[in-house]
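Since the structure comes first, as structure tokens, the remarks are kept for the end.
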Amino acid sequence: MIVALLLATATAARTAGDFELKEQLGRDWANEFVSFDLNSEQAAKTRAGIELLAGDGNPVRYQLVSEEGASAPSICFQTDLPKYSTATFRFGN
């Protein structure tokens, strides 16, 4: 249930390769599992092992998930999100 609520407010800026979470329910979230569908450029970066960075520049461990029959793989990771905040994630160089 918690994951579904977070995913409802998750967006991915496909051209920039960035991911953004916005907390709009007025609640602190801790160690939440989030997932984003990837475009081909983003999927290539994960397959190449390029690190994912949080907004503060710290690396975030992630997993690439390819489900049978899915048109695109997903990136999955855990994060915290304080109430009414926004968290951004981007691939390093």
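The values are calculated or read from the model by the stated rules, or taken from the named source; none is laboratory data. Predicted model only: the values in this text are computed from it and were never measured. For neighbour counting, all protein chains shown are included, and Cβ atoms are generated from backbone atoms with ideal geometry for every residue, glycine included. Surface areas here come from the heavy atoms of the whole protein model, side chains and all, with no ligands, DNA or RNA. Shrake-Rupley method; radii C 1.70, N 1.55, O 1.52, S 1.80 Å.
If you take the square roots of the eigenvalues of the alpha-carbon gyration tensor of segment 24-93 and sort them as a ≥ b ≥ c, do you get rounded (a/c under 1.5), prolate (a/b over b/c) or oblate?
Oblate is the answer for segment 24-93, as a/c is 1.5 or above yet b/c matches or exceeds a/b.
Please report, as a whole percent, how much of the solvent-accessible surface of segment 30-93 comes from carbon and sulfur atoms (probe radius 1.4 Å). Before the final figure, lay out each step's value.
On the way: 1750 of 4040 Å².
Answer for segment 30-93: carbon and sulfur cover 43 percent of the accessible area.
Give me the net charge of residue 66's neighbourhood, meaning all other residues with Cβ under 15 Å from the Cβ of residue 66; Lys, Arg count +1, Asp, Glu -1.
Residues near residue 66 contribute -1 overall.
Determine the per residue accessible area of segment 12-93 with all protein chains present and a 1.4 angstrom probe, expressed in square angstrom.
Values: 5090 Å² over 82 residues.
It amounts to 62 Å² per residue over segment 12-93.
Using θ = phi - 60° and the Karplus form 6.51 cos²θ - 1.76 cosθ + 1.60, what ³J(HN,Hα) does each residue of segment 41-57 get, whole Hz, x for Gly and Pro?
Once θ is set to phi - 60°, the couplings for segment 41-57 become 5, 5, 4, 5, 5, 5, 5, 7, x, 5, 6, 9, 10, 6, x, 8, x Hz.
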